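Data first, discussion second: the structure below is written as structure tokens.
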Amino acid sequence: MSDVLGASVSYSYRIERPSYSSLNSFAEFLDPFSASQGNPNLAPSYTNNYQFNLTYEGQPFFTIAYRKTDDEIFQLIQQDNTTAQIRQREVNIEENSNWNFRLFAPLSLLGDVEGYTGVIVVNTDYQSLIYNVNLNKWYMFWFIQAGYAVGNKF
């Protein structure tokens with residue numbers, strides 16, 4: 001866009017295949033009331049990733065990313081109300097989407113202290129009619145990285 005301000009757009013398509021242990025149909029008991037069990041019917045999940053970046057002097061300072069996954073491999077935990085046993089297994093849920101917003105800025109605190117700060121805001125949404133999953137969560141990270149170079153001051 002200019003000598004100091006730049007922009008980029010990226011796209012990727014990914015396939016995640018289930019691991020062997022997640023396909024194993026035998027139950028593994030952790031104790032008499034909890035077990036994990038594989039699912040031989042797991043299918044691969046397919047993800048489309050889109051990302052837009054703004055850069056200042058070659059360093060990213062603002063990013064918007066969106067990811068949509070079909071047949072997401074999801075850790076489902078259910079309890080049998082008659083036996084009180086908890087069973088964990090991986091299943092394919094119909095849809096998972098994720099929005100990601102990132103803002104970074106250089107940080108100059110005191111003369112010799114340099115670094116950067118940033119805020120990342122994420123929204124994750126899991127949806128499945130088959131397993132009655134409806135989870136939507138927003139979360140935010142704020143971080144500061146600062147450095148001080150110790151020279152020959154002693």
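The values are calculated or read from the model by the stated rules, or taken from the named source; none is laboratory data. All values derive from a computational prediction rather than experimental measurement. Virtual Cβ from ideal backbone geometry, glycine too; neighbours counted across all protein chains shown.
For the range 92-116, a tally of residues being surrounded by 15 or more Cβ atoms within 10 Å (Cβ to Cβ) and touching a Leu at 6+ places or on another chain (Cβ under 9 Å) returns 5.
Residue check: residue 60 meets all listed conditions (1) of a type outside the set (Gly, Ala, Ser); (2) at pLDDT 90 or above; (3) surrounded by 15 or more Cβ atoms within 10 Å (Cβ to Cβ) but one, namely (2). Residues that are aromatic (Phe, Trp, Tyr) and within 15 Å of the chain's Cα centre (by Cα) were ranked within the range 61-112; the one that is farthest from residue 25 (Cα to Cα) is 101. The range 53-151 holds strands (runs of 3 or more DSSP E) entirely within its bounds, and those carrying 3 or more residues that are of a type in the set (Gly, Ala, Ser) and free of Cβ contacts under 8 Å to residues at least 60 places away in the same chain map to 86-108, 113-128. If only residues of the range 36-60 that are among the hydroxyl-bearing types (Ser, Thr, Tyr) and over 19 Å from the mean Cα position of the chain (by Cα) are counted, the one that is farthest from residue 102 (Cα to Cα) is 36. For the range 15-39, taking the residues that are within 12 Å of residue 86 (Cβ to Cβ) and assigned to a loop (DSSP other than H, G, I, E, B), the one that is modelled with the lowest pLDDT is identified as 32. For the range 44-53, indicate whether the set of residues that are out of contact with any Phe, Trp or Tyr (no Cβ under 8 Å at 6 or more places or on another chain), among the aromatic types (Phe, Trp, Tyr), surrounded by fewer than 15 Cβ atoms within 10 Å (Cβ to Cβ) and farther than 30 Å from residue 2 by Cβ is non-empty. The answer is no, given that none of the residues of the range 44-53 is out of contact with any Phe, Trp or Tyr (no Cβ under 8 Å at 6 or more places or on another chain), among the aromatic types (Phe, Trp, Tyr), surrounded by fewer than 15 Cβ atoms within 10 Å (Cβ to Cβ) and farther than 30 Å from residue 2 by Cβ.
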